1. Do you know the relative contact order of region 74-307, to the nearest whole percent, from alpha carbon pairs under 8 angstrom that are 6+ apart?
2. To the nearest 10 Å², what's TYR41's accessible area with a 1.4 Å probe?
3. Please report, in debye to the nearest 20, how large the charge dipole of the chain is about its Cα centre when each Lys and Arg carries +1 at its beta carbon and each Asp and Glu carries -1 there.
4. Considering only C-alpha atoms, what is the centroid distance from region 65-92 to region 237-281, in Å?
5. For MET183, MET251, give the ranking by accessible area with the largest first, probe 1.4 Å.
6. Could you tell me whether region 156-308 comes out rounded, prolate or oblate from its Cα gyration tensor? Rule is a ≥ b ≥ c as square roots of the eigenvalues, rounded for a/c under 1.5, then prolate if a/b exceeds b/c, otherwise oblate.
7. Picking from THR91, THR187, THR178, which is most flexible by a Gaussian network model of the chain using Cα springs under 10 Å?
8. Go through GLY236, ALA290, ALA188 and say which Cα lies farthest out towards the positive end of the charge dipole of region 74-307; charges sit on Cβ, +1 for Lys and Arg, -1 for Asp and Glu.
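The values are calculated or read from the model by the stated rules, or taken from the named source; none is laboratory data. It should be emphasised that the depicted structure is a prediction, and the values quoted were computed from it without experimental measurement. All Cβ positions, glycine included, derive from the backbone under ideal geometry; neighbour counts span all protein chains shown. Please note that ligands, DNA and RNA were not included when accessible areas were found on the heavy atoms of the full protein model with its side chains. Shrake-Rupley method; radii C 1.70, N 1.55, O 1.52, S 1.80 Å.
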Amino acid sequence: MDTAPAAKATVHTQNPPKRRALLFLVLPPALWLLCFLVLPYLGLFIQSFLGSDDLGNVVLEPTLDPWKAFFTKTLYRSTLLYTFKIALTVTSLSVLFSVPLAYFIAFKVRRWKELLYSLIIVPLWVSYIVRAYAWKIILGREGILNSFLQWAKITDAPVEAFLYSEWAIVIGLVHIYTPFVLMPVYTAFEQIPRSLVEASKDLGAGRLTTFFRVVLPLSLPGVIAGGTFAFVLTLGDFLAPVLLGGTDNLMISNVVQNLFGTSNDRPLGSVVGIVLLVVVVALLETTSRAEKSFASLESGRGRLGGAR
């Protein structure tokens, strides 16, 4: 007896319910992304090609004046480059602090590993504004740092250079975003087989050689992911520059905020937002490819070593 038609009928009767279930699972998040991500960015893109009158109202007339203003005025380009500088500095310091600390917790600590990791993640439970204000209190004219320096007779008067400076922004952002870097780096260290580290030591390699030749290359995907988090989050930060940097150290997000608020030039603000979006998407695509290339390279080396 031929059972093929019956089997096909059974498959056809089972597929529609599965498709409906899949549709119900996919449709809500797809609609959410469409309404709150795609359409707003599409609105920004369209608004960037419109003009505005003297009162700041958007005029429904196509024009390239907002784009010309962005590329001709040095203020926006210099602010964008300054933001890249701050983001690169914050990312470098966050990675520099996270890698040794994550290595210590992953490879050296045995008994209190979960406790130490939790203590590092605890700042994420505190509000961003609270942490930023804490640094404002520490670095302020009458803050903890100036009080200690005067108590220790190191300075005779409060140092004004601590707060409302570029390094105040960097210090605050490094403290805020270092946990975002440490988490993927620590995860990458935990996934490294300890047998590889032991084999490196058995072959006569020292601790530094083992770290730079075995541990660090295997953890590069996590380092790249953490660095990407810090860089992208710093690019979009607008609160720390206001609280810690003052009016002379504004970043590109503060410019967007002012264009949509005080200056009331929404088309130009849309241009800056679209440019920043393109930069972030290009950065994410580049780092994603770098992560995949390093991961595939290391997995290929692992398979080759296993075959040998």
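1. Details: 236 pairs, mean separation 61.9, N = 234.
Averaging sequence separation for qualifying contacts and normalising by length gives 26 percent for region 74-307.
2. Near enough 90 Å² of accessible area.
3. Here the chain has a charge dipole of around 1460 debye.
4. 10
5. Numbers: MET183 55, MET251 0 Å².
I get MET183, MET251, largest accessible area first.
6. Numbers: a/c = 4.76, a/b = 1.88, b/c = 2.53.
It is oblate, given that a/c is not under 1.5 and a/b is not larger than b/c.
7. THR187
8. With unit charges placed on the Cβ atoms, the residue in question is ALA188.
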